[in-house]
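Student: Handing you a structure now.
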Amino acid sequence: MTRPNRYPYTKNQWEEETTLVCFGDDSRLELKTKRNRLTGETKQ
């Protein structure tokens, strides 16, 4: 969902957080989570 043009100064309330987990055998796991700055709600 995009912001309306009438409010160009507002920030997106959803922030994306990326967690990178590295294992010993050169494999990686990347976890992406979206967090709502206003309500504290999280999505994966």
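The values are calculated or read from the model by the stated rules, or taken from the named source; none is laboratory data. Bear in mind the structure is a predicted one, so any value in this text is a computation, not a measurement. With ideal geometry, Cβ positions are generated from the backbone for all residues, glycine too; neighbour counts draw on all protein chains shown.
Student: Mind listing whichever residues of the range 23-39 are within 15 Å of Gln13 (Cβ to Cβ) and either among the aliphatic types (A, V, I, L, M) or more than 12 Å from the chain's Cα centre (by Cα) (or both)?
Tutor: Leu38, Thr39
Student: Right, Thr19: touching a Leu at 6+ places or on another chain (Cβ under 6 Å) and either at pLDDT 85 or above or outside any loop (DSSP other than H, G, I, E, B) (or both) or not?
Tutor: So Thr19 fits the description; yes.
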